[in-house]
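Below is one structure, written out as structure tokens; comments come after it.
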């Protein structure tokens, strides 16, 4: 099974850090309250790891 980027929607606080660091992978949901993954197969991008490392609630992972 291929790796994919995942956000725990329950834990996400909508700080937008991941969206700012990696807009090709993350975006705010339609309510503008939580981040969502728009390109889950983008595990090779440096900005994905930077987003994981920068998330204040550690809700982003690669599975």
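Points to keep in mind about this one:
- Residue in the range 14-35 that is in contact with a strand residue (DSSP E or B) (Cβ under 8 Å, 6 or more places away or on another chain) and assigned to a helix (DSSP H, G or I) present: yes
- Contacts under 7 angstrom Cβ, first residue in the range 32-50 being at pLDDT below 95, partner part of a helix (DSSP H, G or I) and surrounded by 15 or more Cβ atoms within 10 Å (Cβ to Cβ), 6 or more apart: 42/48
- Scanning the range 16-38 for residues that are surrounded by fewer than 17 Cβ atoms within 10 Å (Cβ to Cβ), touching a helix residue (DSSP H, G or I) at 6+ places or on another chain (Cβ under 9 Å) and under 17 Å from residue 61 (Cβ atoms) yields a total of 0.
- Checked against (1) touching a residue at least 40 places away in the same chain (Cβ under 8 Å); (2) in a loop (DSSP other than H, G, I, E, B); (3) touching a strand residue (DSSP E or B) at 6+ places or on another chain (Cβ under 9 Å), residue 57 passes all but condition (3).
The values are calculated or read from the model by the stated rules, or taken from the named source; none is laboratory data. Given the structure is predicted, the values throughout are model-derived calculations rather than measurements. Here Cβ is always computed from backbone atoms with ideal geometry, including for glycine, and neighbour counts include all displayed protein chains.
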